[in-house]
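Below is one structure; the comments refer to it alone.
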Amino acid sequence: MGYPEDALAPEEELLLHRHPHWKSLVLPTATFLVSTMVAGFLVGLVQARLDGAAATWCGLAVAAAWIGLVGWRCVPPFVGWLTTHFIVTDRRVLVRTGVLTHTGIDIPMGRISNVQFRHGLVDRMLRTGTLVVVSAADDPIEFDDIPDVQQVHALLYRQAFDAQNQRPGDHHTTRYRRDEHGHEHRKGW
């Protein structure tokens, strides 16, 4: 088993595992491509205009500047994207981030009182957005750049609704619904 299966409790079912939307990597990718083109042009210019040790030192300076820029502006966002996990199980919502210092949030399904999403025009075209989860007695927690945010919203709403309608001791596949007279009826899924 790999991550996130290792983080699950016994008999907990993984429903969704996502990294942030790829749009968060657009600027680092553009920075990498542009800086690589500029560095390549400068190395070519240095080799055409200078000879000997001066060409070598200037080429090394360009390479060092390129490595510094890529290491500063491209690597951290990619590593952050790769190590950020948004996970939904049949029992809880988990968010894990970090490489050296790990942080995490766990929200039990039974404590979720409200699920919202928002996305602007660009986010709608890219099928991403911000998911807002409100748990009982806590401030809302916002998760940005969730891919397919509307589907994730619907899944979370269904899971939270089912968790609130579950009785202690029931199996997680047994649900209750109320009819128009307020009587509960058991239905198995």
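Report, in debye and to the nearest 20, how large the dipole of the stretch 62-161 comes out about its Cα centre when Lys and Arg carry +1 and Asp and Glu carry -1 on their Cβ.
Magnitude of the dipole: close to 160 debye.
Calculated FRET efficiency, His102 and Thr56, Cβ-Cβ r, R0 30 Å, to nearest 0.05?
Details: r = 43 Å, r/R0 = 1.43.
Efficiency at R0 = 30 Å is approximately 0.10.
Could you calculate the contour length gain from Thr31 to Ala137, that is, 0.36 nm times the residue separation minus the distance between their Cα atoms, to one decimal place in nm?
In short, 33.9 nm is gained.
Obtain the nm distance between the two label points defined at Asp90 and Gln116 by a simple spin-label model: each point lies 7 Å from its Cα along the Cα-to-C-beta direction.
3.1 nm
Rounded to the nearest 500 deg cm²/dmol, what is the calculated helix-only ellipticity per residue at 222 nm for the chain, with -39500 (n - 2.57) per DSSP H run of length n ≥ 4? If you can, show how the numbers build up before the last one.
Values: 5 runs with 76 residues, N = 189.
Computed mean residue ellipticity for the chain: -13000 deg cm²/dmol.
Once fully extended, how much extra length lies between Glu13 and Gln151, figured as 0.36 nm per residue of separation less the alpha-carbon to alpha-carbon distance? Please list the in-between numbers first.
Details: separation 138, 0.36 × 138 = 49.68 nm, distance 1.79 nm.
Stretched fully, the Glu13-Gln151 segment lengthens by 47.9 nm.
About its Cα centre, what dipole magnitude does the chain give when the only charges are +1 on Lys and Arg Cβ and -1 on Asp and Glu Cβ, stated in debye to the nearest 20? Intermediate values should be presented prior to the final figure.
Values: 18 positive and 20 negative charges, 76 e Å.
The calculation lands at about 360 debye.
Any idea what angle helix 52-73 forms with the longest principal axis of the chain, computed on alpha-carbon atoms, 0 to 90 degrees, nearest 10?
Roughly 10 degrees between the two axes.
So, in Å, what gap is there between the alpha-carbon centers of the stretch 125-170 and the stretch 14-71?
When both Cα centres are located, 39 Å separates them.
Would you mind checking the stretch 64-80 for residues with the amide N under 20 Å from a putative spin-label position 7 Å along Cα→C-beta of Arg49?
64-67
Over the chain, what percent of the accessible surface lies on carbon and sulfur atoms, probe 1.4 Å?
Numbers: 7360 of 12080 Å².
It is 61 percent, rounded to a whole number.
Can you tell me the accessible area per residue over the chain, all protein chains present, probe 1.4 angstrom, in square angstrom?
On the way: 12080 Å² over 189 residues.
Computed with neighbouring chains in place, this is 64 Å² per residue.
The values are calculated or read from the model by the stated rules, or taken from the named source; none is laboratory data. This is a predicted model, so every value here is computed, not measured. We place every Cβ from the backbone using ideal geometry, glycine too, and count neighbours over all the protein chains shown. These area figures cover heavy atoms from the full protein model, side chains too; ligands, DNA and RNA do not enter into them. Shrake-Rupley method; radii C 1.70, N 1.55, O 1.52, S 1.80 Å.
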